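The structure appears right after this line, and notes come after that.
The values are calculated or read from the model by the stated rules, or taken from the named source; none is laboratory data. Everything numeric in this text was worked out from a predicted model, so none of it was measured. Counting neighbours? That spans all protein chains shown, and the Cβs are built from the backbone with ideal geometry, glycine included.
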Amino acid sequence: MEVCDADPYLLQAAKFHGEPSDVTCPVCRKERLTQVSWVFGDELKHASNSARSPEELERMATMFEEFNVFVVEVCRTCSWNHLVLSYVLGTGGRDGRRRGRRTAAE
């Protein structure tokens with residue numbers, strides 16, 4: 001596995017669904033990183049394992065009981081990528097509780 005090994009689907013998602021960050025790529029230093037939010041969850045069915053915009057995440061959080069979000073920073077130039085943050089969204093079921101966010105280091 002290479003340092004710069006982003007899946008082609010991740011690179012495409014960065015182009016169409018990503019949010020630009022203020023952080024320059026630490027590997028190639030040629031461009032700013034793009035943050036991509038990936039969703040996973042049994043309840044999502046066919047929507048699981050896909051990139052979503054912040055607006056879509058907000059809407060999905062009111063529609064599904066629980067799903068995981070993984071925020072990945074990716075460089076579209078050299079393909080370097082890493083997990084920045086993971087958290088759980090959703091209605092929380094009957095009690096309405098939501099779980100908190102965690103950084104990748106936690």
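Each residue in region 51-71 was checked for being among the aromatic types (Phe, Trp, Tyr) and crowded, with 20+ Cβ neighbours inside 10 Å, and 1 of them qualify.
VAL3 meets the conditions (1) farther than 13 Å from GLU73 by Cα; (2) modelled with pLDDT of 95 or more in every case but one. The failed one is (2). Taken over region 77-93, the criterion of being assigned to a strand (DSSP E or B) and either surrounded by 15 or more Cβ atoms within 10 Å (Cβ to Cβ) or touching a Cys at 6+ places or on another chain (Cβ under 8 Å) (or both) is satisfied by ASN81, VAL84, LEU85, SER86, TYR87, VAL88, LEU89.
With the structure loaded, tell me whether GLU19 is of a type outside the set (Gly, Ala, Ser) and at pLDDT 95 or above or whether it fails that test. Answer is yes for this residue.
Applying the criterion of being hydrophobic (A, V, I, L, M, F, W, C) and modelled with pLDDT of 95 or more to the residues of region 39-50, the residue that is surrounded by the fewest Cβ atoms within 10 Å (Cβ to Cβ) is PHE40. In the condition set (1) surrounded by 18 or more Cβ atoms within 10 Å (Cβ to Cβ); (2) among the aliphatic types (A, V, I, L, M); (3) over 28 Å from GLY93 (Cβ atoms), VAL36 is compliant with all but (3). Buried (at least 19 other Cβ atoms within 10 Å of the Cβ) and at pLDDT 95 or above: is that true of VAL74 in this structure? Yes; evaluated as a whole, the condition is true for this residue.
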